[in-house]
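The values are calculated or read from the model by the stated rules, or taken from the named source; none is laboratory data. Please read all numbers here as calculations on a predicted model, not as lab measurements. So basically every Cβ, Gly included, is an ideal-geometry build from the backbone, and we count neighbours across all protein chains shown.
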Amino acid sequence: MKPFIEQRADPYIILKDGWYYFTASAPEFDRIILRRARTLEELPDAVEKVVWTRHAEGPLSCNIWAPELHFIDGKWYIYFAAARAGADESGVFDHRIYALVNGEADPMSGGFTEAGRIDTGWESFSLDSTTVLYGGKRYFIWAQRDYAIPGNSNLYIAEMKNALELKLPAVRLSIPEFDWECQGFLVNEGPGCLIHDGRLYLTYSGSATDERYAMGLLTLKENGDPLKAEDWIKSPVPVMVTEEENGLFGPGHNSFTKDAEGNDILVFHARPYPGFKGDALSDPNRHCFLRTVRYDEKGNPVFSAKE
C-alpha cells in the first residue's frame, strides 16, 4: 500500500470550508507543521508551513508529539504534547498537553500563539488529546498515566468549559487489559472520534509502537452518555492490526476525515517494515496512510482491508 504522506506520524486531517488541513508529528519532534489543499489528492504536494517551533529549554523544549488542529468558537486551536527532556532512567516521559490559538479565519495566515497548558486534573505523563462535539456538548479525550494502574497510559474524557478548560474530574474510559494492548508496553493512546448515523465511536492504539501496535475500538451505547464509562462498549479484540501483505506494520494513532463524496476516511500511520531502524523515536518512517471506512450489516465501522 502506497503511503499518502511519508514520514508524518500521528496524522490528523480536518475539512473546513472546502479546505483540507493536515498536521502530524515531524520525525525530528521539534516543530508543528500545517499544510492545506482543496482536495485530499492535492495534500501530499501542498506546501508545508511551520507554525510553531519548540523552545530551547523548559517544558516545551522536547519531543513535540501528536498535534491536532480544531476550529472551536470562531478560533483555530492546535492541541499537542511536549516535554522537558527524553525519558528518565525508568523509561518514563514527562509530557503534558498544551494548546496554540489563532484567531484568523485562515490558520495558514497570521500566527499561532501559545495558549498555555491544558489542566487534566493531576500531574503525570499525558498526551494525544483530541476533541469532539457530540449531542450539543464538546468533549476532550486524551491519554494519561495513573501510577496506581500498571502501564504507560489510559484513556480519559472530560466535558469542556471552553477550548482551553475542562470540567473536572475526568472520567477514565479504558485501561490496557487485553493481551493485544499489552505487547511490549501496556498502552492505550491516540484516541480518534468517528460519528456515523448518530453513533459515537472512539478508536485508540495499544502496545509498543513496532509491528505489535494495533487499533482498538470503544462504541458508545445508543443514547449513552459519553461521561459514563459503563455506557461504552469495548471491543476485546483489535479492529486493525499489522497487514504484512499490504506493507503496513503497526497501524495506529489515527484520525478521521471525509472525502469529496462524503465517505468516512481513516487517517493513520504505519511503518513499511517490522521493528525499527534504530530505536522507536529515531526511526522516521512512520508514514501517513488513508483508507475508506466500510460499515458492516449492523452499521459498525470496519477498518481492516477487504477480505
> Which number in (1) farther than 26 Å from Ala87 by Cβ; (2) surrounded by fewer than 20 Cβ atoms within 10 Å (Cβ to Cβ) marks the one condition that Asp146 misses?
Replying inline: (1)
> If we only count strands (runs of 3 or more DSSP E) wholly inside region 1-76, which ones have 3 or more residues that are out of contact with any His (no Cβ under 9 Å at 6 or more places or on another chain), surrounded by fewer than 20 Cβ atoms within 10 Å (Cβ to Cβ) and aromatic (Phe, Trp, Tyr)?
Replying inline: none
> So is Pro107 surrounded by 18 or more Cβ atoms within 10 Å (Cβ to Cβ), assigned to a loop (DSSP other than H, G, I, E, B) and at pLDDT 95 or above or not?
Replying inline: yes
> Of all residues in region 194-227, which are within 19 Å of Trp65 (Cβ to Cβ) and among the charged types (D, E, K, R)?
Replying inline: Asp210
>> Just to be sure I understand, how many residues within region 93-104 are surrounded by fewer than 16 Cβ atoms within 10 Å (Cβ to Cβ) and in contact with a strand residue (DSSP E or B) (Cβ under 6 Å, 6 or more places away or on another chain)?
In response: 1
>> Criterion first (among the hydroxyl-bearing types (Ser, Thr, Tyr) and at pLDDT below 95) does Ser90 satisfy it?
In response: yes
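Listed here are the residues, each with its yes/no results for (1) at pLDDT below 95; (2) under 16 Å from Pro11 (Cβ atoms); (3) surrounded by 19 or more Cβ atoms within 10 Å (Cβ to Cβ).
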{"residue": "Pro238", "(1), (2), (3)": "no, no, yes"}
{"residue": "Asn263", "(1), (2), (3)": "no, no, no"}
{"residue": "Ala270", "(1), (2), (3)": "no, yes, yes"}
{"residue": "Gly278", "(1), (2), (3)": "yes, no, no"}
{"residue": "Asn285", "(1), (2), (3)": "no, yes, no"}
{"residue": "Ser304", "(1), (2), (3)": "yes, no, no"}
>> Looking at the structure I just gave you, is Phe256 surrounded by 20 or more Cβ atoms within 10 Å (Cβ to Cβ), modelled with pLDDT of 95 or more, within 20 Å of the chain's Cα centre (by Cα) and closer than 30 Å to Gly91 by Cα?
In response: no
